[in-house]
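Comments concern the structure below.
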Amino acid sequence: MIASPLPDLVGRPRECAALDDLLVGLRAGGARVLVLRGEAGIGKSVLLKYVATQASRTTVTWAHGIEADMELPYASLHQLCAPFLDQLEKLPEPQRDALRVAFGMAAGDPPDRFLVGLAVLTLLTRASETRPVLVLVDDAQWLDQVSLQTLEFVARRLLAEAVAMVFAVRDPEGAAALHGLASLHLTGLDTAAAGELLEVTVGGRLERRVRDRFVAEMHGNPLALLEFSRGRSAAELAYGLDASSHPSAQGPVVNRVERDFAGRLGSLPTATRTLLLIAAAEPVGDARLLVRAAASLKITPSAAPAKAAGLIEFGESVRFRHPLARSAVYHEARPEQRRAVHRALAEATDPALDPDRRAWHAAQAADRPDEEVAAGLERAADRARQRGGIAAEAVLLERAAEMTPDPWPRGRRALAAAEAHFSAAAPDRATELATAAELCPLSALDRARLARLRARILFARSRSDEAAPLLLEAAAQFTAAGSPLARETYLEAISATIFAGRVHGPTGARAAAIAARGSGAPPSGSEAADLLLDGVATLLTDGYETGVPALRGALELLAHEELSTRDAVVRWLLLAPVALEAFIHYAWDLHAWETLSTRAVRLARDIGALGSLPPALIYAGGVHIHYGDFAEAARMIDEADALAAATGHAPHKYAALVLAAWRGEADVAAGIIDEARHRAEQRGEVSLLGATGYIRGVLYNGLARYEEALEAARTGIEHDGFNFTGLSLVEHVEAATRCGELDQARASLARLVELTRAADSGWACGAAARSRALLADGDEADGLYRTAIEEFGRGRVTVEVARTHLLFGEWLRRSQRRSLAREQLRTAHEMFDAMGAHAFAERARRELLATGEHVRTWETRQASALTPQEQQVATLAADGMTNAKIGAELFISPHTVEWHLRKVYTKLGINSRRALPGALASAGATGPGNEGTVRS
């Protein structure tokens, strides 16, 4: 037990010590995050007050979640940031504009919530430059959803800033909130501490049996003990109270406490009870608004009895002593009393300054559907969407649909609410509202929207082939309605079939392409999107010879089309994966891959679309794998994983698997592959099985485990997917020739030649020439290997250049041309060793040994190796970017940039930015994945 400056804080030494340590770390300049979890009344709020009182020489800012049916987007975040808004103009322009729109201070395109998060991170970081900042969030589970998501993003990006965040989350309601952050779970006080608290409250010593009985009934819950015993003496508890019949003793602890609060209402004057109900119905806590609403109800505010009963506190704002007190007041009132209070609040709310709350109160006041009220809610929903509050938009539209008397607009609003709930990651609620919309009369266009929504919900839950037919049906309906959404929906349908992993069959990509080509759908409004659909559809229906040139027609526009609005950028980012898959696997175009993925990364950074940035980084990382720059690829994959974790998205495993395979990291790859297989089977994402077939083919060919490579590559070929078939054929030809399965190798070569003929790129020509060489002899083989090296070089596919040198050298050694073999094998070994392609490098080393040449590798200087994040920060700093610009580029704070740079300076043995370019160049040979070789 402890004696605390806060009288109610008893029996929490462990929790206080954790909070004290947090403050020590904060004052030392380090970022800290802690989530306090526990049931209602367990003491979370008191611990937040404790840490606030201990936080001397620290700026403390609060946000309070309030249980309410309405979610005003960014309301809680605005409350928390209010003390720092005088620094708003000092933020980078994109962050400043995003925050101004989110807080309703300016009009503009809806900001990406992660860009808002970066703005908040920067704002808090700037504030911490003067003194450490402590952010306290009570009842986090009741924050508006977008505020909670934004604060979670900030918490996950803190590293070197003098900012600490402490959240209080009620269980079980908030069990899913802030998952994965450091947590401290609060349980009930032990018997001794609970007994001490009870005796302090009643002002006397209780008989042990009586004390222990009450402590056991309250399960050590501090608030339950306090509220149960408040105003009762030790004697009353010992002799005058039958606890078994008292309402507070029945049901779970939370219910007991709420009933105890409710029991105090009966003795209060009517005017005071009404005043409490106004406060309970208005979550802002605006005392002036409360007074105006009370005047509308013709009552004189009389708060003294409520304060005396320990229910409420008055100051500049109105606050209940505990959320359960608010809940008790609201739920004890009769429905007609609640409606009257909401009506008064609607009348008292300024329609110009706060139209959304006015609309919400008007809806709560209505006892029957009302078109005027419904229209007001719909307008409020639109304003919420413009601020980026999708969850709020969904709630407001749902209520608008409920309040709509006419079935035609009711169906339209229910459908819009369903779409908003789906966008807010609430597919179950979206399904319920879609069903409600379906029961109403809908226009042809709305019927198409409903069909597309149902398909999207299905696709989100499972990547199986069930969604594509529904998307095709929706696209056909859009076409019949003359909607520009038709072509976009056809692309979605083709994308769904790509994930489902089927080209042929009634639900395959080819069937979707045939439907798209024959639809006569009107233009989408984006020439690039229309050309992409035409190119992909032609590829799938007419074959490679016609399809690849048609696809190339879209590249210039995809690369350079002007995107004048944020919505246009978002739509482009949605198109990018389909375009990239087509250009990679059918045009064999590494240049297009680099062009489109680089633009995707830049666009996602520019608008702060952190949901789209991780996959864009993964695609860009794939380019660098093929360039042989494994270190740069690793940096991009690392950033993608960090952003995915910070934003709560699932990590993208493709590039990490490919990189592990080329590095020859069997143990690493095996774990990720098993996880990918499980995911593919669970979600019906058959394309993952094709990808893992190719990846395992690379891995086992590198390790010279050719039987396993043969089986793996066969899987990649046979899965009938849109992607990875060609790359799997390359692996299969090599493995089959090494295993003596020449008929299999010839069959795969024939398919590969057909697949690459139309592409006519360096990558495609190199793959075909090398695969032919593996089945050729004499001068023909010699010429094909040399052609492959030249073609892969033309396509800048460096990993395949190195691999062709290896295969050429192996063939030369077996042809007894050792001197020529050494030349090729030496080149292969040096290239692979520099990349960090360890398995292929070892294969080349063994071949060199067989020619009589001895080879050893330098030891990698691990102590000085930079991490991927350090390398990225150092590279940008060496290019002359300021810390602020680097932070904006990488979605970290300038303090974190400086923290990384200090570590970089230490590792590289320098002390200034001026020395970075030379130091990075010198360290290039010994950085991660860059090992030199010596020959003896």
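Here's the yes/no breakdown for (1) touching an Asp or Glu at 6+ places or on another chain (Cβ under 7 Å); (2) surrounded by 24 or more Cβ atoms within 10 Å (Cβ to Cβ); (3) under 20 Å from Phe84 (Cβ atoms):
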{"site": "Ala127", "(1), (2), (3)": "no, no, yes"}
{"site": "Ala140", "(1), (2), (3)": "no, yes, yes"}
{"site": "Val146", "(1), (2), (3)": "no, yes, yes"}
{"site": "Ala162", "(1), (2), (3)": "no, yes, yes"}
{"site": "Gly174", "(1), (2), (3)": "no, no, no"}
{"site": "Gly188", "(1), (2), (3)": "no, no, no"}
(request) Confirm whether Gly793 is surrounded by fewer than 22 Cβ atoms within 10 Å (Cβ to Cβ), touching a residue at least 24 places away in the same chain (Cβ under 8 Å) and in a helix (DSSP H, G or I). (result) yes
(message) Please go through (1) at pLDDT 95 or above; (2) crowded, with 20+ Cβ neighbours inside 10 Å; (3) part of a loop (DSSP other than H, G, I, E, B) for Ala759 and return the number of the only condition it doesn't satisfy.
(response) (1)
(message) Just checking, does segment 750-771 include any residue being of a type in the set (D, E, K, R) and either within 15 Å of Arg803 (Cβ to Cβ) or touching a Pro at 6+ places or on another chain (Cβ under 6 Å) (or both)?
(response) yes
(request) Could you give me the residue pairs with C-beta distances under 9 Å whose first residue belongs to segment 618-643 and is on the phi > 0 side of the Ramachandran plot, whose second residue is in a loop (DSSP other than H, G, I, E, B) wherever it lies, and which are 6+ apart or on separate chains? (result) Gly628/Val797; Gly628/Ala837
(request) Identify the residue in segment 517-552 that is of a type in the set (Gly, Ala, Ser) and over 23 Å from Ala758 (Cα atoms) and, among all such residues, is surrounded by the fewest Cβ atoms within 10 Å (Cβ to Cβ). (result) Gly520
(message) Given the condition out of contact with any strand residue (DSSP E or B) (no Cβ under 9 Å at 6 or more places or on another chain), more than 20 Å from Ala850 (Cβ to Cβ) and small (Gly, Ala, Ser), answer yes or no: does some residue in segment 797-815 qualify?
(response) no
(request) Consider Asp112 carefully, then state whether it is among the charged types (D, E, K, R) and under 20 Å from the mean Cα position of the chain (by Cα). (result) yes
(request) Take segment 765-791 and flag every residue that is within 45 Å of the chain's Cα centre (by Cα) and either modelled with pLDDT under 95 or among the small types (Gly, Ala, Ser) (or both). (result) Gly766, Ala767, Ala768, Ala769, Ser771, Ala788
(request) Filter segment 375-387 for residues that are buried (at least 23 other Cβ atoms within 10 Å of the Cβ) and either in contact with a strand residue (DSSP E or B) (Cβ under 8 Å, 6 or more places away or on another chain) or closer than 18 Å to Ala107 by Cβ (or both) and give the result. (result) Ala380, Ala381, Ala384, Arg387
(request) Might you let me know whether segment 119-135 holds any residue that is in contact with a Leu (Cβ under 6 Å, 6 or more places away or on another chain) and either among the charged types (D, E, K, R) or not in a helix (DSSP H, G or I) (or both)? (result) yes
(request) Might you let me know whether segment 386-399 holds any residue that is farther than 22 Å from Asp144 by Cα, touching a residue at least 60 places away in the same chain (Cβ under 8 Å) and not aliphatic (A, V, I, L, M)? (result) no
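So is Glu161 in contact with a Lys or Arg (Cβ under 7 Å, 6 or more places away or on another chain) and among the charged types (D, E, K, R) or not?
The answer is no for Glu161.
So, Leu613, is that one under 16 Å from Phe114 (Cα atoms) and crowded, with 24+ Cβ neighbours inside 10 Å or not? Don't jump to the end; show me each part of the working.
Working: under 16 Å from Phe114 (Cα atoms): yes; crowded, with 24+ Cβ neighbours inside 10 Å: yes.
Yes: the conditions hold for Leu613.
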(request) Test Leu752 against the criterion of being within 21 Å of Gly547 (Cβ to Cβ) and buried (at least 21 other Cβ atoms within 10 Å of the Cβ), and give yes or no. (result) yes
(message) Give all pairs with beta carbons closer than 9 Å in which a residue from segment 5-24 that is within 13 Å of Glu196 (Cβ to Cβ) meets a residue that is at pLDDT below 85 and of a type in the set (Ser, Thr, Tyr); count only pairs at least 6 apart in sequence or on separate chains.
(response) Asp8/Thr201; Val10/Ser4; Arg12/Ser4
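Residues checked against (1) modelled with pLDDT of 90 or more; (2) surrounded by fewer than 23 Cβ atoms within 10 Å (Cβ to Cβ):
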residue: Gly43; (1), (2): no, no
residue: Thr58; (1), (2): yes, yes
residue: Gly65; (1), (2): no, no
residue: Leu72; (1), (2): no, no
residue: Ala102; (1), (2): no, no
residue: Phe114; (1), (2): no, no
residue: Thr122; (1), (2): yes, no
(request) Output the number of the condition that Ser864 fails; it satisfies all remaining conditions of (1) at pLDDT below 75; (2) closer than 29 Å to Gly117 by Cα. (result) (2)
(message) Looking at Ala704, Ala709, can you tell me which residue is more than 26 Å from the chain's Cα centre (by Cα), in a loop (DSSP other than H, G, I, E, B), modelled with pLDDT of 90 or more and not basic (Lys, Arg)?
(response) Ala704
(request) Quick one: Ala888 ticks every box in (1) modelled with pLDDT of 80 or more; (2) assigned to a helix (DSSP H, G or I) except a single one, so which number is it? (result) (1)
(message) Can you confirm whether Gly762 is in contact with a Lys or Arg (Cβ under 6 Å, 6 or more places away or on another chain), closer than 27 Å to Ala834 by Cα and of a type in the set (Gly, Ala, Ser)?
(response) yes
(request) Find the helices (runs of 4 or more DSSP H) located wholly in segment 400-482 whose residues include 3 or more that are within 30 Å of His504 (Cα to Cα), and list them. (result) 444-461, 467-480
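Among the residues of segment 808-821, is there at least one that is charged (D, E, K, R), surrounded by fewer than 19 Cβ atoms within 10 Å (Cβ to Cβ) and either closer than 21 Å to Ala768 by Cα or at pLDDT 95 or above (or both)?
No, the conditions are met nowhere in segment 808-821.
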(message) Six or more apart or on different chains, Cβ atoms under 8 Å: show the pairs whose first residue is in segment 811-823 and under 13 Å from Asp782 (Cα atoms) and not assigned by TED's automatic domain parsing to the domain that holds Arg772 and whose second is surrounded by fewer than 16 Cβ atoms within 10 Å (Cβ to Cβ) and not aromatic (Phe, Trp, Tyr).
(response) none
(request) Answer yes or no: is there a residue in segment 564-578 that is over 28 Å from Arg113 (Cβ atoms), part of a helix (DSSP H, G or I), under 28 Å from the mean Cα position of the chain (by Cα) and not assigned by TED's automatic domain parsing to the domain that holds Ala768. (result) no
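The values are calculated or read from the model by the stated rules, or taken from the named source; none is laboratory data. Being a predicted model, the structure only gives us computed values, none of them experimental. Methodologically, a virtual Cβ is constructed for each residue, glycine included, from the backbone with ideal geometry; neighbour enumeration extends over all protein chains shown.
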